[in-house]
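Working notes for the structure below.
The values are calculated or read from the model by the stated rules, or taken from the named source; none is laboratory data. None of the values given here were measured: they were computed from a predicted structure. All Cβ positions, glycine included, derive from the backbone under ideal geometry; neighbour counts span all protein chains shown. Keep in mind that these areas ignore ligands, DNA and RNA; they rest on the heavy atoms of the full protein, side chains included. Shrake-Rupley method; radii C 1.70, N 1.55, O 1.52, S 1.80 Å.
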Amino acid sequence: MRTSALVIGFAAAMGLSACGGGTLNNIGAGQVGPDEFAILPTRSLSMPPDLAVLPAPTPGGANITDPNPRGDAVAALGGNPEHLANQGIGAADQALVAQAGRAGTDPQIRERLAQSDAEWRARNGRRPLERIMGTPVYQRAYAPMALDPVSEQRRWQRAGAITSTAPAPAAE
């Protein structure tokens, strides 16, 4: 009698544990509702000092009461949150951009590179055993294009370049 009660109790416990769904430790699994951590409170409404100098409305743009966590973090750390806005190319980088674009720029560069990359990957695709095992081939396909960091460091140091942040080269 006691054995049958233990078996029934064990079977009931196993049956109830099977109803758990398995999402206890996987926080992102099975979420169909909103993420409660993504909801940020809006800033409090305030009356502007002068109603005549209000900015023009921007449909789809930001509102002054919208939360700005990155800007708030920059301000809390003593920085200027206005520097986060895209202000174009800085004055210190104008010469670099001019030098890089001296021969012109290709507006279709992203599409051309994507097409070239797709062709390269088609030529250097998965081998039969890699297909069966489902292994990625990224490292093998692009190995001829990879740089060896140690040999590059030595090459630059032999050329007289200062590599102060790199460790000293090992004895050859």
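Residue under question is Thr65, and the condition is that it be open to solvent by less than 90 Å² (accessible area, probe 1.4 Å) and at pLDDT below 75; does it hold?
Details: open to solvent by less than 90 Å² (accessible area, probe 1.4 Å): yes; at pLDDT below 75: no.
Here the answer is no, as Thr65 does not meet what is asked.
Enumerate the pairs (first residue in segment 58-79 and touching a residue at least 12 places away in the same chain (Cβ under 8 Å) and in a loop (DSSP other than H, G, I, E, B); second residue anywhere and among the aliphatic types (A, V, I, L, M) and surrounded by 10 or more Cβ atoms within 10 Å (Cβ to Cβ)) with beta-carbon separation below 7 Å, excluding pairs fewer than 6 apart on the same chain, so at least 6 apart or on different chains.
Sorted first by the residue in segment 58-79, then by its partner, the pairs are Pro67/Leu40.
Which members of segment 92-125 meet the condition of being surrounded by 10 or more Cβ atoms within 10 Å (Cβ to Cβ) and over 30 Å from Ala143 (Cα atoms)?
Of everything in segment 92-125, those that are surrounded by 10 or more Cβ atoms within 10 Å (Cβ to Cβ) and over 30 Å from Ala143 (Cα atoms) turn out to be Asp93, Gln94, Leu96, Val97, Ala98.
Residues of segment 126-154 being hydrophobic (A, V, I, L, M, F, W, C) and either within 25 Å of the chain's Cα centre (by Cα) or open to solvent by 90 Å² or more (accessible area, probe 1.4 Å) (or both), which ones? Reasoning before the result, please.
Pass one, segment 126-154, residues hydrophobic (A, V, I, L, M, F, W, C): 129, 132-133, 137, 141, 143, 145-147, 150.
Listed by number, the residues that qualify are Leu129, Ile132, Met133, Val137, Ala141, Ala143, Met145, Ala146, Leu147.
If we scan segment 142-165, do we find a residue that is at pLDDT below 80 and not polar (S, T, N, Q)? Show your work before the answer.
Taking segment 142-165 and keeping what is at pLDDT below 80, we get 163-165.
Checking the rest, the ones that are also not polar (S, T, N, Q) come to none.
No - not one qualifying residue is present in segment 142-165.
Determine which member of the set Gly134, Gly71 is under 30 Å from Ala38 (Cα atoms), at pLDDT below 90 and not polar (S, T, N, Q).
Values: Gly134 fails: under 30 Å from Ala38 (Cα atoms).
Result: Gly71 is the single residue among Gly134, Gly71 that is under 30 Å from Ala38 (Cα atoms), at pLDDT below 90 and not polar (S, T, N, Q).
Report every pair of residues separated by at least 6 positions or lying on different chains whose Cβ atoms are under 9 Å apart, first residue within segment 101-118 and without any contact (Cβ under 8 Å) to a residue 40 or more places away in the chain, second open to solvent by less than 60 Å² (accessible area, probe 1.4 Å).
Pairs found: Arg112/Asp106.
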